[in-house]
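Let me begin by presenting the structure, written as structure tokens, before commenting on it.
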Amino acid sequence: MHAHSTERPAIATRENRGSGTVVAPHDQAVQAGLAMYERGGNAVDAAVAAALVSGVIEPTETTLAGSGFAILAEEGREPVEIDFGPTAPLAASPGMFELEEPGRGAEPAVLGLAPVVGNANVDGPLASGVPRTLLGLTTAQERFGALPREAVFGPAIEAAHSGYRPDAWHITAALSDIERLRADPMARRVFLDDRGLPKGAATAAGYGRTFGEYPPIMQPELGRTLELVADRGADCLTRGEIAEALAASSRERGGILAAEDLERSAPRIREARLLRYREAVVAASHAPSGALTELQALAIWQRARPEPALPADSGEGLRALSLALRHAFADRYHWLGDQALRPVPVDELLSDEYAAELARLVEQGQDVLGWAAGAPWLTYASHAVHDPWRHAGEDAETPVWRPAGANGPTSGTTHVSAADAEGRVISITHTAANHFGSGIVCPRTGLLLDSSMAWFNAAPGAANSIAPGARALANMGPVVVLHGDGTKSAIGASGGRRIVSAVAQLVIALVDGGMTAADALATPRIDASGPSLILPQSLQRHAGRVSDLGLRIIPESNDPYPMDFSRPNIARALGDGRTESAIAASQHNS
């Protein structure tokens, strides 16, 4: 067994012949997962223990009152998804947020968001969706884990009571969100000191203590909540004390979360959506998420490049990948939403015929019409450049979306991957949807409420507009790859909309390139989700071939994988009891 932490430079990796491996952004989470193997647990126990600790110690990225997805593959069974994705309360409505008039008001708090008056879909009581992460993780462990629930919850309970030490990234993020944290009494008590500054800020500045001796951030209320769940199980999160406490706190703060929302919040467990990709199969979520766009980009790429190929090997390949991603994102920004409420052409987007149609555009070098006109999530919210419905049959009716504006993707999120000696792998991504979520901590439970309402289009009339109980279009996109030789790879990332480009490219590196986890993460990646194609300096030699795509080049640094290219990790079951895992270091280390 081994641990991986972003304390190590660049790529942290090792092959293992033990019980298993687990990889996460913070070493404290990794150690929690490894402890589960020591106790005889499997990859699910390890991943859930790490994900629970992450929910305690990473408030800048995630919360146990947020949302997420997990993909699990075991020997002899079809891969399954555990879907606890972002969901609007039943009292939510399409026009619940007032939109800023174009050109007026301050810049939105989250990069890319369409302006909402007062950033009410990001900050404060109306920003929160239905809390689902703790319930999703608990349910996954109860159904697929091997250890007693109390053992798996132990490290997170300890982290909540004993505290975690804020690092420079945490302090910087808290400083940038200082007014939000000061506005909520419980958030102020948990994250700020007596002067209203982030805990550890004075230490970081060298006042009163030796550098580096950051005081721990303790969360006793959260610890007691975790103890209750460990003792009673998942049911206490849908009814009873915890559910009632969350609904009461939301109501008192002017929110709309109700007991019925918690009663309906159980995760959906079902067979994962599968895409045949060359000699492999990629398993992903059915839900509105980053996974659908990842799969579409892979489907286009393999039609445009019938033989396995690494995009970064040539300017032509890099251009083809850039265009495949852009065409998939254009569809994402227009068509994707909650297919239980609105017509969404999911099967058509992933069909061979449609992939071939877009692959021809890629082969011809055609950029997406209108991409350079501005932020693509704004451009394509009301304007479709492709019509996948043509592949649904003669009677298919193309819906017309006419929103007055659109939301852009949010940032944040954490990811855990695990693999064990029995060939089981699991990929878990969960999030608060924004740094420190909505900025509100429930005083009764210690749970930080998320801001997943920001993932909806705040303007009515779009595929992803708000509706009562609707599912928001999330960026999270964990996948599991079943390789032809029996290897299984769990892949995922944090980093907002950049998750999608990263995960798709890692699948290509592992399948087309036959790479190890470390080599795949070390391969330079691009991001094609925004107005400009983002290219690392190491691929600048190909700049001339993609210069017409609004190129932005990111300089090299000691940290070659800043959040411009997301923060991914991989865990793999290699067969014969061997596992390996790797993580790309990020700009904020633990």
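State all residues of region 508-533 that are hydrophobic (A, V, I, L, M, F, W, C) and buried (at least 22 other Cβ atoms within 10 Å of the Cβ); if no residue qualifies, say none. Passing the criteria: 508, 509, 510, 511, 517, 520, 521, 526, 528, 533.
To keep it simple, each residue is scored yes or no on (1) over 29 Å from residue 466 (Cβ atoms); (2) hydrophobic (A, V, I, L, M, F, W, C).
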{"position": "289", "(1), (2)": "no, no"}
{"position": "296", "(1), (2)": "no, no"}
{"position": "347", "(1), (2)": "no, no"}
{"position": "356", "(1), (2)": "yes, yes"}
{"position": "360", "(1), (2)": "yes, no"}
{"position": "365", "(1), (2)": "yes, no"}
{"position": "383", "(1), (2)": "no, no"}
{"position": "393", "(1), (2)": "yes, no"}
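Just one of the numbered conditions (1) in contact with a strand residue (DSSP E or B) (Cβ under 9 Å, 6 or more places away or on another chain); (2) under 27 Å from residue 162 (Cα atoms); (3) not β-branched (Val, Ile, Thr) is not true of residue 275: (2). Apart from one condition, residue 515 fits all of (1) farther than 27 Å from residue 367 by Cα; (2) at pLDDT 90 or above; (3) in a loop (DSSP other than H, G, I, E, B); (4) under 21 Å from the mean Cα position of the chain (by Cα); the exception is (4).
When you look at residue 99, is it of a type outside the set (Phe, Trp, Tyr) and at pLDDT below 95, yes or no?
Details: of a type outside the set (Phe, Trp, Tyr): yes; at pLDDT below 95: yes.
Yes; evaluated as a whole, the condition is true for this residue.
Taking region 446-475 as the range and being assigned to a strand (DSSP E or B) and under 16 Å from residue 95 (Cβ atoms) as the test, the residues that pass are 457, 465.
Put simply, of 314, 289 the only residue that is of a type in the set (S, T, N, Q) and closer than 21 Å to residue 515 by Cα is 314.
Only one residue in 330, 324, 355 is assigned to a helix (DSSP H, G or I), in contact with a Phe, Trp or Tyr (Cβ under 6 Å, 6 or more places away or on another chain) and under 21 Å from residue 274 (Cα atoms), so which one is that? Write out each step before concluding.
Details: 330 fails: under 21 Å from residue 274 (Cα atoms); 355 fails: in contact with a Phe, Trp or Tyr (Cβ under 6 Å, 6 or more places away or on another chain).
Selected residue: 324, the only one of 330, 324, 355 that is assigned to a helix (DSSP H, G or I), in contact with a Phe, Trp or Tyr (Cβ under 6 Å, 6 or more places away or on another chain) and under 21 Å from residue 274 (Cα atoms).
Among the residues of region 117-165, the one identified as within 28 Å of residue 192 (Cα to Cα), assigned to a helix (DSSP H, G or I) and among the acidic types (Asp, Glu) is 158.
Against the list (1) in contact with a Ser or Thr (Cβ under 7 Å, 6 or more places away or on another chain); (2) part of a loop (DSSP other than H, G, I, E, B), the condition residue 382 fails is (1).
Sort out for me the strands (runs of 3 or more DSSP E) sitting completely within region 253-317 that have 2 or more residues that are out of contact with any Leu (no Cβ under 7 Å at 6 or more places or on another chain) and either surrounded by fewer than 20 Cβ atoms within 10 Å (Cβ to Cβ) or at pLDDT 95 or above (or both). Reasoning before the result, please.
Numbers: elements: 268-271, 273-277, 280-284.
Counting at least 2 such residues, we get 268-271, 273-277.
The values are calculated or read from the model by the stated rules, or taken from the named source; none is laboratory data. Since the model is a prediction, treat every value here as computed from it, not as a measurement. No Cβ is skipped: glycine too gets one built from the backbone with ideal geometry, and neighbour counts run over all protein chains shown.
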